[in-house]
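Please read the structure below before turning to the comments.
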């Protein structure tokens, strides 16, 4: 009998899928679970790189009604030397998709935010910006969407977030579009809000729409290309008004709240709004033996919830040098999160910097790409904690489950919980997209395996 935490045998090939987009490197960065139960993942395909989008049916088979056999590759230019990297995707109410990322020169130095709009069949939606493609940033400076998030508001407007590199600092950038791809001139300046929170380097890791129409931004103040390298690095959350201006009523009166683990460094990676309207933040911070994952909880105005953990924070040691990247709530309100641990002595990172010392497309939201996955590869970890921040002892080893994918080569970066309690994760092997589905508990997990499983695996 299948158990909670087991790979779901009804997904793909024994719980996993493995799909190459090109014969070169294929990296998966983003995902979305649609209302129809289909699972969409996006990233970049080949070298130097194009947008890549793959859609799976609810059983993990490639959706042949989408693109070419379930896969779509999109370039923003006919120039084969240019770099296009997808970092975020969001479903549209009509079954289509928005995918946001970077479109850059060959050196990954001069970049713009790039947005692609797709119909439900995977073709570009020419009702959006005439050709289905839009860019932001050519007259602003080098602009990156990474790690970026995309949001579709209830009124159908699209909001994408990222960062802009200026001469002496790095600021946040938000852009809002009407459904036809034209900028929303009521937002920021001509549809673009450039946000300086007062720190030299402001990096965005997450963007969330709040019920009142405001936005919550989460990220790190400091050197995101080498996170936690300085005691000055601090995790932060900031609240942005619906018009793109900083909400100065949030936190201590300057629009944001930050923390840095008593001067040792911290980072905020993902945010959720709890059912009782509190802000839950997943991240990680420095520790004596590398880094540990963290959960921080605040009220809606940015005050720490002192009833949660110690002083509003729960520290989670998942192994060696830890990173946690995304979380979701399950059917009963437990916190399900994804992370990975790396050997501390092997945690040097491949930065993929260009000649000017800036990021290349191989890092960004993962912030750190392990130099060698073969000698002592990172370990994938799924965690399940109760709403009060205590581990769920019925799941894995005291709330932590080790997950090996693609024979040990698969590294996950995304996680979401389905309405039936199953958990979908996705990532890559550096050369192929990887997805997996994990059983939850309750009726969905109490299933005896069939003698014959129907359907073809997506990797076949």
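General remarks:
- Candidate values (1) 4, 17, 25, 25, 18, 8, 2, 0, 0; (2) 4, 22, 34, 28, 11, 1, 0; (3) 4, 17, 27, 29, 17, 5, 1, 0 were compared with P(r) over Cα pairs in 10 Å bins from 0, in percent computed on the shown model; the agreeing label is (2).
- Applying 1/(1 + (r/R0)^6) with R0 = 35 Å to the Cβ-Cβ distance of residue 299 and residue 397 gives a FRET efficiency near 0.60.
- If you sort the three axes of the alpha carbon gyration tensor as a ≥ b ≥ c, you get a/c of 1.5 or more for the stretch 60-196 and a/b no higher than b/c, which makes it oblate.
- The stretch 97-154: C-alpha gyration tensor shape, a/c 1.5 cut-off, then a/b vs b/c: prolate
- Virtual paramagnetic centre 7 Å along Cα→Cβ of residue 24, amide N under 19 Å, in the stretch 84-100: 84-87
- Gyration tensor (alpha-carbon) shape descriptor, the stretch 1-90, a/c threshold 1.5: prolate
- Note on residue 404 and residue 190: with the Förster distance fixed at 51 Å, the Cβ-Cβ geometry gives a FRET efficiency of about 0.55.
Rule-based calculations on the coordinates, nothing more; no lab input. Remember, it's a predicted structure, so these values are computed and weren't measured experimentally. So basically every Cβ, Gly included, is an ideal-geometry build from the backbone, and we count neighbours across all protein chains shown.
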